[in-house]
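Below is one structure, written out as structure tokens; comments come after it.
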Amino acid sequence: MSLSSRARPPRLRAGLVALGLAVVATASAALTAPAWGGPTVGATTTAAASQDLSVPVGAEADGSPVTLDAEVWTPAGGGRHPAVLLAHGFGGSKDSVAAEATDLQQRGYLVVTWSARGHGASGGRIHLNDPDFEIADAKALVDLVAARPDVVQDVTGDPRVGVMGGSYGGALGLMLAGADPRVDAVVAAITWNDLADAFFPQSATTATGPTPAGRKPIDTPGPFKQVWASNFFLGANASPRSSVQNVPPTTCGRFDPTICAEFLEASETGAPSRELVAQLRRNSPRPTLDRVTAPTLLVQGIADSLFGLEHADATARALAASGTPFAVRWSDGGHDGPSSREAEETEAAQAWLDHYVRDGASRESARPVPGFTFPTPSSRRGQPADLWTMPEYPGLGDTATVATARLPLAATTGALLHPPGGQPASMVAVPGLANLGTTVSTYQIAALPGLSTAFETEPAPRSLTVAGSPTLTVTVTSDRPTVTLFASLWRISGEQATLPVSLVAPIRLPVTPGRPTTVTVSLPAATYEMPTGSRWRVLLTSTEASYANDREPARIAIEAGADLTVPVVEATPVGTSIAGTDTESALAIGILTALLLLAVGTALWRRRQRRHEEPRPDLADVPLVVTDLVKSYADGHRAVDGVSWRAEKGQVVGLLGPNGAGKTTTMRMVMGLIAPDSGTVHVLGEPVSAGSDVLERVGALIEGPGFLPHLTGRQNLEAYWAATGRPLAEAHVDDVLEVAALGGAVDRPVRSYSHGMKQRLGIAQAMLGLPELLVLDEPTNGLDPPQIAAMRPILRRYAETGRTVVVSSHMLAEVEMTCTHVVVMHAGRVVTRGLVADLVDSDDTTILDLDPAAVEADEDSESPGIPSRLGALRGVDGITEVRRDTGTRVVVVAQRPRVEVVAAAVETGLPVVGVSSRRHLEEVFLGVISSASANGSANGSGSTESGDASLIERLRQVRAR
């Protein structure tokens with residue numbers, strides 16, 4: 001093997017699941033490893049070395065040789081050291097865990113990192129942790145550690161070694177411990193128990209276990225988790241390849257062709273073959289957990305739509321059955337979002353390794369962390385999750401049990417349809433959305449009319465801390481032999497439904513058409529706080545956007561059991577500072593509540609006072625009419641003051657004005673996002689307010705696009721359109737994708753897009769359905785010059801079909817080349833409007849170009865003469881305005897022939913070298929704003945030339961939003 005040595009500087013640390021969450025931020029990692037950052041108690045401070053290794057391992061099935069790109073991090077000081085194998089996540093490499101390796105190295109561990117087979121600069125293909133390939137490779141690394149003289153040996157050939165990893169690396173750690181008894185401890189985070197159940201999850205169960213998330217699924221594989229499977233393959237294709245080793249054909253990226261072909265077949269059929277199920281289960285910890293003897297810490301995320309809590313639960317049950325010491329820690333992070341308790345999770349992982357690897361504690365010794373730790377949402381908004389502990393994982397120890405509570409259902413019957421082709425699809429599992437807070441509701445895009453049904457509980461009779469999987473018994477009858485459903489649990493507050501965790505429970509149930517089939521559904525495992533009096537709703541949908549949906553239509557009748565059963569635990573809070581509410585907080589909450597009630601009451605009173613606007617049949621053919629809009633804010637500032645304008649069919653209207661002119665406020669009132677104090681907005685004759693039906697005939701991109709990062713561009717457009725409830729054929733998706741000009745990127749996750757690509761997709765989204773009125777706020781923001789040039793004819797052609805476009809932009813040159821009409825606002829009022837051609841080409845305007853050399857000499861003189869000459873020109877009869885636009889450019893407005901204006905300028909002594917009549921739109925814009933400002937000044941104050949110039953220079957810097 002080749003060997004090189006070099007010094008390494010200290011690296012920045014990341015959080016526990018930072019690398020495991022990289023899938024949310026980049027397209028290159030569908031599964032990644034945790035980052036064990038945090039304090040380095042007892043660490044050395046001297047710099048330590050690392051060595052690159054090229055490690056030969058077993059060949060591929062076709063005989064191709066494989067070497068791993070590895071690195072050994074040796075701590076400072078002599079003697080022997082305990083070792084840790086640090087595994088990276090899917091799509092990553094040894095460099096992905098370099099910072100974590102440095103932390104462990106400074107704690108006194110010899111650390112081995114490597115790029116897994118098929119990743120980074122290592123050779124071979126990706127087999128998804130196949131025992132004969134990736135796990136065998138890891139055993140070879142244990143052999144490498146065992147042969148080193150600087151590693152602690154329990155006996156000859158048996159090194160003191162732990163293994164740590166997250167997601168892809170976490171499964172490897174568990175499987176290595178089951179294959180090699182020399183492993184002394186395991187820390188596995190956000191990973192799987194059964195990979196077949198991860199990609200084809202089944203929440204229809206024959207029984208629930210004694211543990212919080214325990215379940216025994218029926219034998220039928222569940223629906224295909226298609227979006228995550230796509231991320232797997234994208235992560236493999238994005239992984240850097242070795243420049244010196246053979247790689248497989250590009251059709252499957254770096255995947256083994258056999259498993260790749262099985263996945264491709266599943267993506268077409270929506271169901272796995274027996275061979276794929278068998279292979280995925282073989283590539284899982286599940287078959288070998290009975291052989292694991294190494295004490296194991298399991299860290300699993302609640303915010304994880306890939307590997308849910310049920311995977312760690314199943315692993316814990318297997319470890320308990322074999323007598324292996326273990327602890328379980330639930331995190332409020334996961335593949336869908338970061339943890340709010342990264343520091344504590346890091347400390348737990350370090351304590352586990354220190355106890356069992358560094359200190360060599362026996363399996364019978366007391367564990368260094370509680371048997372079970374879990375979070376609940378913080379009792380203080382914006383603060384980290386509250387933590388709770390139990391001495392043992394519930395249901396497996398002698399002292400920790402799981403109780404249940406029953407919430408009666410108000411109604412128990414419902415019906416829904418499965419649409420032909422599986423579209424439109426509901427959007428329930430939106431990764432990361434729960435982190436935005438409970439004020440965000442996605443119920444409208446989840447509970448599509450006709451394609452969903454719901455069962456609501458009676459108010460909770462007492463406060464409950466739920467930890468695990470709530471269950472509901474349902475009886476299903478359908479006219480098809482297979483029923484696919486997706487269940488989720490929502491909290492009801494007034495009329496609003498919010499999703500505490502963005503997770504869904506998928507169900508695929510074989511039935512006899514026309515005959516009822518009863519099954520128990522395990523809802524998403526998580527922690528739920530259920531206060532006294534709270535109501536909860538189980539939503540059942542027939543489709544889900546992140547899964548492969550059946551294509552055959554079906555009618556489904558549902559009869560639910562009498563109640564919702566929830567697992568309840570009695571745990572000890574970690575710390576007391578967050579358990580109660582102090583007096584200061586109570587006072588603040590009381591004040592805020594009073595202010596909120598006052599604001600709500602005022603809003604309701606004003607709404608009642610606002611007159612009801614009637615449709616205007618006389619405006620039915622006019623796309624947009626804004627009439628006498630007025631809007632003032634609480635501080636008394638009047639942002640919009642009597643604004644009126646209209647946009648006719650076939651027009652591209654540009655809305656311009658300096659910052660604070662009232663454009664954004666006007667645009668928001670046009671879209672019904674805020675209500676005016678007085679005045680009206682009519683679209684095609686219909687009054688506009690929040691939720692007006694006529695807004696379905698309007699497409700808009702206001703204040704930037706917003707997309708779901710885990711979906712592709714195409715899937716985002718289809719999901720957006722599905723929320724409208726209109727047929728997909730009416731969306732004209734292919735037409736608007738031509739506008740986006742994303743090429744093959746349209747089928748990549750949006751998280752990999754540049755800002756300009758997102759902006760183009762946002763414009764395409766606004767154009768879905770080819771709306772009659774298109775409202776775009778800064779549409780060219782983030783586009784490069786060729787893309788901006790390509791957008792001009794698109795907007796013009798769109799309007800030429802009889803539709804209307806309204807554009808707010810700060811790029812005046814683009815407005816001049818794109819728009820047919822403009823509306824200029826200043827200080828909340830419209831100061832001018834009209835055809836662009838009329839504004840830039842006026843018979844009464846003359847543009848004078850002055851000699852630059854003469855201007856420079858005049859400015860350097862002690863008594864400049866050009867200002868006085870401009871003053872003399874202002875005094876000439878028939879000249880109404882003289883404005884110095886720049887140092888060498890003067891704009892003259894006069895009621896005299898242009899030749900007389902030029903002659904008068906020359907007579908005053910101005911060094912005129914050029915004359916023109918056509919102004920740029922920028923000159924018109926600056927001129928009318930300057931004039932409006934001058935007119936708004938106090939009488940007699942006038943505007944000095946320097947004052948005008950200063951104003952114009954300020955205006956040149958504004959962005960017309």
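The values are calculated or read from the model by the stated rules, or taken from the named source; none is laboratory data. Note that this is a predicted model, so its numbers are computed, not measured. In this analysis, Cβ positions are derived from the backbone assuming ideal geometry, glycine residues included, and neighbour counts consider all displayed protein chains.
Any idea which residue in region 422-441 is nearest to residue 212 (Cα to Cα), counting only those that are in a loop (DSSP other than H, G, I, E, B) and modelled with pLDDT of 65 or more?
429
Identify all residues within region 812-837 that are over 25 Å from residue 770 (Cβ atoms), touching a residue at least 24 places away in the same chain (Cβ under 8 Å) and not β-branched (Val, Ile, Thr); write none if there are none.
Passing the criteria: 812, 813, 816, 825, 826, 827, 828, 829, 833.
Taking residue 120, is it under 31 Å from the mean Cα position of the chain (by Cα), surrounded by fewer than 24 Cβ atoms within 10 Å (Cβ to Cβ) and in contact (Cβ under 8 Å) with a residue 24 or more places away in the chain?
yes
Would you be able to say whether some residue in region 219-228 is in a helix (DSSP H, G or I) and buried (at least 22 other Cβ atoms within 10 Å of the Cβ)?
yes
Return the pair list, or none, for Cβ contacts closer than 6 Å from residues in region 642-665 that are at positive phi and not assigned by TED's automatic domain parsing to the domain that holds residue 792 to residues that are among the aliphatic types (A, V, I, L, M) and surrounded by fewer than 23 Cβ atoms within 10 Å (Cβ to Cβ), at least 6 apart or on different chains.
So the pair list comes out empty.
Considering only region 153-176, state which residues are farther than 17 Å from residue 328 by Cα and surrounded by 19 or more Cβ atoms within 10 Å (Cβ to Cβ).
Of everything in region 153-176, those that are farther than 17 Å from residue 328 by Cα and surrounded by 19 or more Cβ atoms within 10 Å (Cβ to Cβ) turn out to be 159, 160, 161, 162, 168, 169, 172, 175, 176.
Considering only region 652-718, give the strands (runs of 3 or more DSSP E) lying wholly within it that have at least 1 residues that are farther than 19 Å from residue 774 by Cβ and in contact with a Leu (Cβ under 8 Å, 6 or more places away or on another chain).
678-683
Within region 848-868, which residues are surrounded by fewer than 18 Cβ atoms within 10 Å (Cβ to Cβ) and in a strand (DSSP E or B)?
The one that is surrounded by fewer than 18 Cβ atoms within 10 Å (Cβ to Cβ) and in a strand (DSSP E or B): 849.
Select from region 91-119 the residues that are more than 16 Å from residue 164 (Cβ to Cβ) and in contact with a helix residue (DSSP H, G or I) (Cβ under 6 Å, 6 or more places away or on another chain) and write down the one among them that is modelled with the lowest pLDDT.
91
Inside region 74-106, can you point out the residues that are closer than 19 Å to residue 168 by Cβ, surrounded by fewer than 24 Cβ atoms within 10 Å (Cβ to Cβ) and free of Cβ contacts under 8 Å to residues at least 60 places away in the same chain?
95
Listed here are the residues, each with its yes/no results for (1) modelled with pLDDT of 90 or more; (2) surrounded by 19 or more Cβ atoms within 10 Å (Cβ to Cβ); (3) farther than 28 Å from residue 575 by Cβ; (4) charged (D, E, K, R).
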{"residue": "361", "(1), (2), (3), (4)": "yes, no, no, no"}
{"residue": "364", "(1), (2), (3), (4)": "yes, no, yes, yes"}
{"residue": "382", "(1), (2), (3), (4)": "no, no, no, no"}
{"residue": "409", "(1), (2), (3), (4)": "yes, yes, yes, no"}
{"residue": "417", "(1), (2), (3), (4)": "yes, no, yes, no"}
{"residue": "420", "(1), (2), (3), (4)": "no, no, yes, no"}
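Would you tally the residues in region 72-88 being part of a strand (DSSP E or B), within 9 Å of residue 49 (Cα to Cα) and either hydrophobic (A, V, I, L, M, F, W, C) or not assigned by TED's automatic domain parsing to the domain that holds residue 104 (or both)?
2
Return the pair list, or none, for Cβ contacts closer than 7 Å from residues in region 282-305 that are acidic (Asp, Glu) to residues that are part of a strand (DSSP E or B), at least 6 apart or on different chains.
304/334
Could you name every one of the helices (runs of 4 or more DSSP H) located completely within region 91-186 that has at least 1 residues being under 20 Å from residue 260 (Cβ atoms) and not basic (Lys, Arg)?
134-146, 168-179
Looking only at region 873-888, count every residue that is surrounded by 16 or more Cβ atoms within 10 Å (Cβ to Cβ) and outside any strand (DSSP E or B) and tell me the total.
3
Failed condition for residue 352, given (1) crowded, with 24+ Cβ neighbours inside 10 Å; (2) out of contact with any Phe, Trp or Tyr (no Cβ under 7 Å at 6 or more places or on another chain); (3) closer than 30 Å to residue 470 by Cα, with all others met?
Checking residue 352 against (1) crowded, with 24+ Cβ neighbours inside 10 Å; (2) out of contact with any Phe, Trp or Tyr (no Cβ under 7 Å at 6 or more places or on another chain); (3) closer than 30 Å to residue 470 by Cα, the one that fails is (3).
Which residue, of 352, 330, is aromatic (Phe, Trp, Tyr) and outside any helix (DSSP H, G or I)?
The conditions single out 330.
Among the strands (runs of 3 or more DSSP E) confined wholly to region 491-539, which include 2 or more residues that are at pLDDT 90 or above?
505-510, 517-522, 526-530
All but one of (1) in a loop (DSSP other than H, G, I, E, B); (2) surrounded by fewer than 24 Cβ atoms within 10 Å (Cβ to Cβ); (3) within 29 Å of the chain's Cα centre (by Cα) hold for residue 305; which doesn't?
(2) is the only condition that residue 305 fails.
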